[in-house]
1. I'm checking a number: the convex hull volume of the Cα atoms of the stretch 1-40, normalised per residue, in Å³. What is it?
2. Taking every pair of distinct Cα atoms and averaging 1/r, then inverting, what Kirkwood hydrodynamic radius in Å comes out for the stretch 8-65?
Amino acid sequence: MELTKIREFTDSELKEQQAQAGEQLFRVRFQKSLGDASGVNKLRELKKDIARIKTVARQRELGQATAPTESAAPAKKTRKAKKA
């Protein structure tokens, strides 16, 4: 799931999506423990989706609507060699 799509969800929809992804993650882990290795990629994607959902929910909780942009980041400091 894309981050832009996740950001469009309401808080209640985020909770629903997190619950659904958690249930799917449980099922895929269970299948994997039974020897079905076909869901390894799905497992990885579900874990990433859950992390993305939790990140957006936490940003909203802290009052940050979006992640900081690159222009807001401090400029890099460069070292200049001293001439003696």
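1. Enclosed volume per residue, from the Cα hull, is 52 Å³.
2. Radius from the Kirkwood sum: 12.2 Å.
Here, each number is a calculation from the coordinates, and none is a lab measurement. Predicted model only: the values in this text are computed from it and were never measured.
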